[in-house]
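Written out below as structure tokens is the structure these notes cover.
Every read-out reported here was derived from the displayed coordinates using simple, explicitly stated rules and does not represent laboratory data. Bear in mind the structure is a predicted one, so any value in this text is a computation, not a measurement. Quick reminder, even Gly has a Cβ in these numbers, built from the backbone with ideal geometry, and neighbours come from all protein chains shown.
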Amino acid sequence: MSDTQSFEFQTEVKQLLHLMIHSLYSNPEIFLRELVSNASDAADKLRYEALKDDSLLADDPELRIEIETDKTQRTVTIRDNGIGMSRDEVVENLGTIARSGTRNFLEQLSGDEQKDSGLIGQFGVGFYSAFIVADRVTVNTRRAGSEAAVRWTSDGEGRYTLADIETRPRGTEIILHLREDQDEFLEPMRLRHIVKRYSDHIALPVRMRKADDEGQPTEEWETINAASALWTRAKSDISDEEYIEFYKSVAHDFEDPLRWAHNRVEGNQDYTSLVYLPKRAPFDLWDRESNHGLKLYVKRVFIMDDAKQLLPTWLRFVRGVVDSNDLPLNVSRELLQSSRVVDKLRSAITKRALDMIQGLAKDDAEQFASFWETFGPVIKEGIVEDAGQRERIAGLARWHTTHEEGTTTLDAYIERMPEGQDKIYYLTAENLATAKSSPHIEGFAKKNVEVLLLTDRVDEWVVGHLTEYKDKQLVSVARGEADLQSVVTDPKEEAEQARLETLYKDTLERLGTSLEADVESVRLSQRLTESPACLVVGEHAMSRHLEQLLKQAGE
Ligand code: ADP
Ligand code: MG
């Protein structure tokens, strides 16, 4: 066998390892969830490859995970007979971080450990979490279909070694040499407890040694988890606790989810979905290309993570699984894109997610407010991109306004509209303070006409598409025709306006001529009370705010 070779970790891995060890020492047990989940993924991958080549499974068809401790060596071993890794795959998977968004994530780190440990909770920590409890990790692995086996070792300090070893059983074995203060993980009871907590639902049996009367491990194995896919069980058999733990393992989140919806659909379509609304934004929420979508299973066989086709981009924070009985097992990402089954699935799941969001709004205004603050700007992208859901999303949206503390809905705005007002007025601005002090709303304020104050970055884009809600036109107060005549029909005021028009006719004409090069026209306005003049844009021109946004974006 060849000599041991030593390699350096990619810089990002070093940073991540350091951060992880320092941020997660208060929650070290998650290493087991991550390693068991990797073992389960490895089994899923093998099952999937075996669809095409069943010889891969043949010699050892019963997929399982084994966990063992050795008190004298002070090791914990997690073993699977899944897909295993080739030498190249080991280098790729355990020496670099290939996952997109990682660099982004690392850039967000402040160096303040308190803050950063919050961030890391949003990031799937994965294999490297082994180093929270271990100061040396050995990985022995052989890929299905090959005889070549490899050993990887590292102390997590910046380097790892690789060596070719004697062939071994298919799959991967991870040996953790525990740190001084981590002896609790040598206790089988402690490990069982963690597996139950985090990994009960995984479809694969997790086994540990049976103990004899003295509590000593015997030769016999026993399965310690429920080993059935959670979503295949009846709702009535699943506790909230189980739903919550399942969410944490699917979403790699430490925080409980806000809500979930578990549905089995039979008949025209045949699938089960279990989808969750998270409480907290993932670190890459703003990356529209980020991994998103649901875990896709076909007839209980894992097919892929992040099946983007199952959710629109504006629901990219929703997590969960879909298990379809209609799709073929060999479905590929390409196939998903042109599948009518998937189109139907996606619209059903979109509707379900919106139902969940609506339910939250109805049941818990306070929780909904914080949910909307976190995810609202993303959901609003749906107003632009999803004409079919436009009105529904607009109805859920919350906006700042001149007439309420906090925020309002469009429906509440319409409810408050006085007789004679038939439009919904809004102003887009960079922030609330700017909006509130804008000369554009002076006249509206004086006449007590409500104006929505739109301050999210996406709002400008959103109102470009949301021109109407429940047959009421949305009108910007910063645009040409949005003067108050339409609202105020008092004959006395009309007469006054006419008098002023005549009085200032000459002045306006003179101003118009001298400013010819800069403005389209000069008009007498009712929108001002304090300020002497303000600039507005034409009815169909680009708004000032959008102009600024585009400038910032370098267009
Ligand atoms: P993730 O699971 O999110 O991909 P991890 O850091 O947990 O990230 O694992 C990195 C990669 O290492 C996995 O994607 C997989 O390719 C490989 N890997 C880890 N554990 C195993 C295992 N037990 N068997 C096969 N491959 C594994
Ligand atoms: Mg993993």
Cleavage-rule hits (trypsin sites (Lys or Arg not before Pro)) in segment 165-273: DSSP loop, at most 16 neighbouring Cβ within 10 angstrom: 233
Inter-site label distance for residue 10 and residue 107 at 7 Å from Cα along Cβ, in nm: 1.6 nm
Alpha-carbon radius of gyration plus Dmax, which is the widest Cα pair, for segment 151-304 in Å: 19.6, 58
Residue order, fewest to most beta carbons within 10 Å, for 509, 404: 509, 404
Point-to-point label distance, residue 351-residue 281, nm (Cα→Cβ direction, 7 Å offset): 3.0 nm
FRET efficiency estimate (nearest 0.05) - Cβ-Cβ, residue 374 to residue 513, R0 60 angstrom: 0.70
Cβ-based exposure ranking for 23, 437, in which fewest neighbours within 10 Å come first: 437, 23
Potential extension, residue 148-residue 212 segment - 0.36 nm per residue separation minus Cα distance: 19.3 nm
Rounded to 5, percent antiparallel among DSSP beta bridges of the chain: 80 percent
Additional length obtainable on full extension of the chain from residue 305 to residue 270, 0.36 nm per residue less Cα span: 10.6 nm
Cα centre as origin, Lys/Arg/Asp/Glu Cβ charges: segment 322-459 dipole, Debye: 280 debye
Principal axes of the chain: Cα extent on each, largest first, Å: 102, 52, 43
Sites matching trypsin sites (Lys or Arg not before Pro) across segment 320-397 that sit in DSSP coil, with at most 13 neighbouring C-beta atoms within 10 Å: none
Those trypsin sites (Lys or Arg not before Pro) in segment 1-109 that DSSP places in a loop and that have at most 16 other beta carbons within 10 Å: 52, 71, 99
Global form of segment 325-378, assessed from the alpha-carbon gyration tensor, a/c cut-off 1.5: prolate
